[in-house]
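Taking it in order: structure first as structure tokens, then the write-up.
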């Protein structure tokens, strides 16, 4: 039987990034692991997620999740194997999904972990298409944007993890036409393979031109991962009673000045538009519904998601920085 | 029996205003009245409405209503007496509400007029609290902002026609607290008399400061008549799942450059906010429901609305210009 470890490596926030994060804003450190308390488990993490929303938590700004503290370890989604347990509910050897990523070993309450079946799908899927990523796309389209069959749906950041899922789910839910924007020719080609009817590279010219060419008849739903020019272009092209799911604003996460809002926002009045922001954590009640549908779509080949892997905890900060810059196609993950 | 007139005076758009409209953008002209066609009526207008939305129609911009044509007469809400009729449905002597204002006499299809009871309420009320003004406030609070009992509701332009109605209707619908902003100390005093719990003069300092002082706990609903700084301040103070009814943007109607959107719009994501624009014409199906409630509230003294009158068709352009500048308290009307 393997000796349980008494220390772990983890990534701490060394300083708050100013604009684009740099590797010196992060620090790898080794810390002692305390004794397991009652109802706690020790997990050896095997894969962790780096996500856009984490950038906001690196600023000292009150938001829907508390900011990370300078000098403290980061956290985020991870999957790993339970190697010690003081809970009858989670056995040693189980694979669990939990929120204590950015470290090789984690101690957490058993109640904060969900056992996952890595026989049915690889561990990484529970961080992506079967997890928060997929649920975000599903919730944004259904509960937030109230997508209807036949709608023309536009998704920005369409080659990202949520964007890939959103386009395919829109298609599975009966969208009339699905349009995506991405930041390279390769990404554009890839999202077309995944079922996007139209796709354009937003770096080729003004977003508005790309969108208008792809959707000359206008759009009904905009799934916004990007903010900025994309949101403004979408407001211009939305039809009467069009809807925006505001999921993210990755174009602004590294901004050092508050970016201007869309200049054409008042078009929302005459067009009866709805812009609705959301964070997936408020829609946990839809997780079970989503998992059922996702399993079916996956089995039928209607839902897939690319994964970009990096290896080693020490490379997690660079993976995060690269993800913010768009280096990934699909979900960016770090194998530990 | 009076001779029916063969000419009428009307106001035509002489030129598209650049920024703030000036009287030379309008022209009083006398035109012949044609013979009445089948199912048409001739109306002697007694009162007409000047409304903020008309400013948008003076620009050459496609919107939810077609722009006014240069050289053609303006139009808008009016009430008058039917003095000739070729329709069995509308008798001579009836008082009717219709959309052919900005002229002393109007010929229109009988089907485009609604008979009103000027014994039950003065004609002007059918343009204001019992008409489009009141319905706009009601629809904005209920169908658009989905106001709930106990909500803290903030209304900008609260001394304007829609603003006065919105505050009182919010109160009647069970709002926990109603806050208004207006542009003078007199207006602030007046809206307090009308039942606003808190009110501030937005010219006294940053809107954000005024709002925060009035609603230190935050707000749930923002009824936006103004746009600009007001919308940005409201986004800052809205609580989780807060809602904005975007009704108007009077601060921007005379703008010659597209104004920046709210810099803090991305707060909508973390706070799960909904911003929904609307025009009342899309909610005509709620008119009957509203009229029933409004009659009850009026009878019970829970709903009143100030009226600012000007006299004479030739003074309608100045009344319109002054209304855009905030000279009115409550509804701005022109007696003909």
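For chain A, the longest principal axis of the alpha carbon atoms and the long axis of helix A:287-299 meet at an angle near 80°.
What is the calculated FRET efficiency for residue A:289 to residue A:311, with r their C-beta to C-beta distance and R₀ = 25 Å, to the nearest 0.05?
Working: r = 35 Å, r/R0 = 1.39.
Efficiency, from the Cβ-Cβ distance: 0.10.
Helical content of chain A, expressed as a calculated mean residue ellipticity at 222 nm, amounts to -6500 deg cm²/dmol (DSSP H runs of 4 or more residues, -39,500 (n - 2.57) each, divided by residue number, nearest 500). Rounded to two decimals, the Cα-based Rg/Rh of chain B, with Kirkwood Rh, is 0.99.
Subtracting the Cα-Cα distance of residue A:20 and residue A:296 from 0.36 nm times their residue separation leaves 95.4 nm of extension gain. Label-point spacing for residue A:193 across the identical copies (point 7 Å from Cα in the Cβ direction), in nm and ascending order: 7.2.
Which FRET efficiency, nearest 0.05, do residue A:185 and residue B:149 yield, Cβ-Cβ r, R0 41 Å? Don't skip to the end; give the middle numbers.
Numbers: r = 54 Å, r/R0 = 1.32.
The value I calculate is 0.15.
Compared with the direct C-alpha span, the chain from residue A:59 to residue A:209 gains 50.6 nm at full extension, assuming 0.36 nm per residue. With its label point defined 7 Å out from Cα along the Cα-to-Cβ axis, residue A:309 lies at 8.2 nm from the matching points of the other copies, in increasing order.
Summarise the partner chain shielding of A:255-267 as one whole number: the mean count of Cβ atoms from other chains within 10 Å of each residue's Cβ.
Numbers: counts 1, 0, 1, 6, 6, 6, 12, 5, 5, 3, 13, 16, 5.
For this peptide, the per-residue mean of nearby foreign Cβ atoms is 6.
Once the Cα atoms are used to define both axes, helix A:161-172 deviates from the longest principal axis of chain A by about 60 degrees.
Size of the protein assembly as shown from its Cα atoms: along the principal axes, largest to smallest, the extents are 112, 49, 40 Å. Counting only alpha carbon atoms, the long axis of helix B:228-237 and the longest principal axis of chain B meet at about 40°. Mean partner shielding of peptide B:271-284, defined as the number of other chain Cβ atoms within 10 Å of each residue Cβ, is 6. By the equivalent-ellipsoid construction on the alpha carbon gyration tensor, the range B:207-293 comes out with semi-axes of 24, 18, 13 Å, ordered largest to smallest. The mean count of C-beta atoms from other chains within 10 Å of the C-beta of residues in A:225-238, rounded to a whole number, is 1. A crude spin-label estimate for the pair residue B:88 and residue A:3, with each label 7 Å from Cα along the Cβ direction, gives 10.4 nm. Given in Å, the Rg to one decimal and the Dmax to the nearest whole number for the Cα atoms of the range B:179-336 are 17.3, 52. For the range B:153-244, the ratio of Cα radius of gyration to the globular rule of thumb 2.2 N^0.38 Å stands at 0.93. In terms of packing, defined here as the mean over residues of other Cβ atoms within 10 angstrom, the peptides A:297-307, B:93-103, B:123-133 line up highest first as B:123-133, B:93-103, A:297-307.
No lab work stands behind these numbers, since they all come straight from the coordinates. Remember, it's a predicted structure, so these values are computed and weren't measured experimentally. FYI the Cβ positions are ideal-geometry reconstructions off the backbone, even for glycines, and counts take in every protein chain you see.
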